[in-house]
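Visitor: What follows is a single structure, and I will ask about it in a moment.
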Amino acid sequence: MSEPRTDLELVQTYQAAPESAHGRGAERELLQRWRSRIHAWCWRVVGEREEAEDLAQECLLLVHRALPRFEPRAAVSSWIYAIVRNRCLAALRRTRPRRAEEEEWLVLEDDAPGPAESFERREREERVLAAMRASLSPLEQTALWLKAYEGMAVKDITRVLAIEEESGARALLQTARRKLRAALERGAPGEEGS
């Protein structure tokens, strides 16, 4: 069994022969690979399932249309996130602000935890989310999400978020972590007994 093709290999296969069955198959595989991550990003931004599905479809269409022009100056992941980020920002400008209680993008799957462990983990995640919403700017929240949830490299976060400062996302992440740590030590707003 061969190794799965990288995102870049799929893009290059598509670009070499976009009208061929091989090229269309590579594009389909790439878009399918990214579908759930794009949907998760959109859901985190808009906070509504149907809106997120529509927005994710728009983003996938934008990636499809831009695929012939992709140049490997950046990672495919950075390029896709830049497209999704820009589309999500445009959607935010034209719609209502997201509802904080619907943000569940930080929830990570476990290897079948027990009920007590799941409850404790969920409580910790809710405290972290509340502290993030209360103490971090949207840009800081996004940068932390990309680093923690997506495992994105700092240089890629810098590109995706279009940060122009010399230190890039590194300084933003350090500030966000410091603010989040301080907020957690103080106790999130609305927490009893902290």
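Visitor: All but one of (1) open to solvent by less than 30 Å² (accessible area, probe 1.4 Å); (2) closer than 19 Å to R69 by Cβ hold for W41; state the number of the condition that does not hold.
Guide: So W41 meets the others, but not (2).
Visitor: Kindly indicate whether any position in region 88-100 is assigned to a helix (DSSP H, G or I), modelled with pLDDT of 80 or more and either in contact with a helix residue (DSSP H, G or I) (Cβ under 8 Å, 6 or more places away or on another chain) or open to solvent by 70 Å² or more (accessible area, probe 1.4 Å) (or both).
Guide: yes
Visitor: Still on this structure, please answer the following. Within the bounds of region 54-64, is there any residue that is in contact (Cβ under 8 Å) with a residue 12 or more places away in the chain, within 27 Å of P138 (Cβ to Cβ) and not in a helix (DSSP H, G or I)?
Guide: Within region 54-64 (the criterion being in contact (Cβ under 8 Å) with a residue 12 or more places away in the chain, within 27 Å of P138 (Cβ to Cβ) and not in a helix (DSSP H, G or I)), the answer is no, since none of the residues qualifies.
Visitor: Residues A153, A148: which one is out of contact with any helix residue (DSSP H, G or I) (no Cβ under 7 Å at 6 or more places or on another chain), surrounded by 13 or more Cβ atoms within 10 Å (Cβ to Cβ) and at pLDDT below 80?
Guide: A148
Visitor: Being open to solvent by 20 Å² or more (accessible area, probe 1.4 Å) and closer than 20 Å to A75 by Cα is the filter; apply it to region 167-194 and report the residue that is modelled with the highest pLDDT.
Guide: Filtering first and then ranking leaves R170.
Visitor: Take the residues of region 1-35 that are small (G, A, S) and open to solvent by 80 Å² or more (accessible area, probe 1.4 Å): which is farthest from R85 (Cα to Cα)?
Guide: Taking region 1-35 as the starting set, the residues that turn out to be small (G, A, S) are 2, 16-17, 20-21, 23, 25-26.
Narrowing further to those that are open to solvent by 80 Å² or more (accessible area, probe 1.4 Å): 2, 16.
Details: S2: 33, A16: 27 Å.
The residue in question is S2.
The values are calculated or read from the model by the stated rules, or taken from the named source; none is laboratory data. Note that the coordinates shown come from a computational prediction; the quantities given were computed from them, not determined experimentally. Note: ideal-geometry Cβ built from the backbone for every residue, glycine included; neighbour counts use all protein chains shown. Accessible surface areas use protein heavy atoms only, side chains included; no ligands, DNA or RNA. Shrake-Rupley method; radii C 1.70, N 1.55, O 1.52, S 1.80 Å.
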